[in-house]
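Where a number appears in this text, it was derived from the coordinates with a stated rule and is not lab data. Just so you know, these numbers come straight off a predicted model, no measurement behind them. Cβ placement follows ideal geometry from the backbone for every residue including glycine, while neighbour counts extend to all protein chains displayed.
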Amino acid sequence: DRAFSECTSLATVVFPPGLEILGGEVLSHCPKLGAVDLGACSALRTIGDRALSNCDALGAVLFPPAIESLGTHVLFLCSKLATVDLSRCGALRTIGDFAFCECASLETIALPPGVETLGTYVFSRCPKLAAVDLGPCELLRTIGDRAFSDCAVLKTIVFPPRLETLGTHVLFRCPALVAVDLRTCEALRTIGGHAFSKCASLETAKLPPRVEALGHAVLSHCPKLVQTPSSVIAKRPTPAAFAAPPPPAPEAEPKPPPLPRRADAGAGEEGR
């Protein structure tokens, strides 16, 4: 872990094809690292937590084809990263919490069909992410809390067909989002609280008929919503499902865990 962390002049790195694990924070806080090519690392299965986080110049990452697990915060706060292409990673099942959170230049993502879980805040606060297509993700069953929250230009999202659980605040405060269509998600049973709250442009929300649990204020503060989904009416939710939560309790918004800043930080972590 932290093998090359905080190498302030490191610009390029070449890994051997037999590499199996990239440790936690191995290349974090390397401000001049512009690209990472792991495509030839055919044995690489695991990329650890924060492995490439806080790399200010990192604009491109080629992921290994056999990767099975991406750790938490793996590319957190990589402000130049424009594309995430995991479509070749057929063995990938889990993308960790905050994996691509606060990537200010991220515009496109492509996920593999076998991914099963998207962690919390995984693509949250990506201000240039305009469209998300999860339709090809045939095994994706869980989308974590705030997975796409605070994405300022996110206008369209296609949900996976086998989705079972949508976390809380999953598309919270996405002001450009126009429509939500979950009708093809026949296995969906739970939609978390505030899931689509504060989506100022949201006009239509279509839910599957078998939803069993609707969270608090799931469609609150959506001033352009012109039709209440029939499945919601059938559930006869409390008015709070569409209204603001009572003051003085604005939606709780936990911040990302603090990041270690120095190699001598020891077991503790400093906030960024």
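When residues in segment 169-201 are screened for being part of a loop (DSSP other than H, G, I, E, B), more than 21 Å from Leu111 (Cβ to Cβ) and of a type in the set (Val, Ile, Thr), 1 of them pass. Filtering segment 107-158 to residues that are hydroxyl-bearing (Ser, Thr, Tyr) and in contact with a His (Cβ under 6 Å, 6 or more places away or on another chain) leaves only Ser149. Determine whether segment 33-48 contains at least one residue that is under 26 Å from Lys128 (Cα atoms) and in contact with a Lys or Arg (Cβ under 6 Å, 6 or more places away or on another chain). Within segment 33-48 (the criterion being under 26 Å from Lys128 (Cα atoms) and in contact with a Lys or Arg (Cβ under 6 Å, 6 or more places away or on another chain)), the answer is no, since none of the residues qualifies. Cβ-Cβ contacts under 6 Å between residues 6 or more apart (or on different chains), taken from a first residue in segment 76-87 that is over 15 Å from Asp37 (Cα atoms) to a second residue that is buried (at least 23 other Cβ atoms within 10 Å of the Cβ) and aromatic (Phe, Trp, Tyr), are listed as Phe76/Phe98.
Only residues that are assigned to a loop (DSSP other than H, G, I, E, B) and closer than 14 Å to Pro208 by Cα: list them for segment 151-168, please. Those that are assigned to a loop (DSSP other than H, G, I, E, B) and closer than 14 Å to Pro208 by Cα: Phe159, Pro160, Pro161, Arg162, Leu163, Glu164. Annotation note: of Lys198, Lys155, the sole residue that is farther than 27 Å from Arg93 by Cβ, of a type outside the set (A, V, I, L, M) and touching a strand residue (DSSP E or B) at 6+ places or on another chain (Cβ under 7 Å) is Lys155. Sub-8 Å Cβ pairs linking a first residue in segment 113-132 that is free of Cβ contacts under 8 Å to residues at least 60 places away in the same chain and on the phi > 0 side of the Ramachandran plot to a second residue that is of a type outside the set (Phe, Trp, Tyr) and crowded, with 16+ Cβ neighbours inside 10 Å, at least 6 apart or interchain, are Arg125/Cys101; Arg125/Glu102; Arg125/Ser149; Arg125/Asp150; Arg125/Cys151, ordered by first then second residue. Note on segment 36-86: among residues that are within 19 Å of Thr120 (Cβ to Cβ) and hydroxyl-bearing (Ser, Thr, Tyr), the one that is surrounded by the fewest Cβ atoms within 10 Å (Cβ to Cβ) is Ser69.
Just give me the residues in segment 122-181 being surrounded by 15 or more Cβ atoms within 10 Å (Cβ to Cβ) and among the β-branched types (Val, Ile, Thr), in sequence order. Across segment 122-181, the qualifying residues are Val122, Val132, Thr142, Ile143, Val153, Ile157, Thr165, Thr168, Val170, Val180.
So, in segment 25-49, how many residues would count as being under 23 Å from Gly114 (Cα atoms) and in contact (Cβ under 8 Å) with a residue 60 or more places away in the chain?
Quick first cut of segment 25-49, residues under 23 Å from Gly114 (Cα atoms) only: 37-49.
Checking which are in contact (Cβ under 8 Å) with a residue 60 or more places away in the chain leaves us with none.
Residues that pass the stated criteria total 0.
Conditions tested, residue by residue: (1) within 17 Å of the chain's Cα centre (by Cα); (2) of a type outside the set (A, V, I, L, M, F, W, C); (3) within 27 Å of Arg141 (Cα to Cα).
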site	(1), (2), (3)
Asp1	no, yes, no
Ile21	no, no, yes
Gly39	no, yes, no
Leu58	no, no, no
Pro64	no, yes, yes
Thr72	yes, yes, yes
Leu77	yes, no, yes
Val84	yes, no, yes
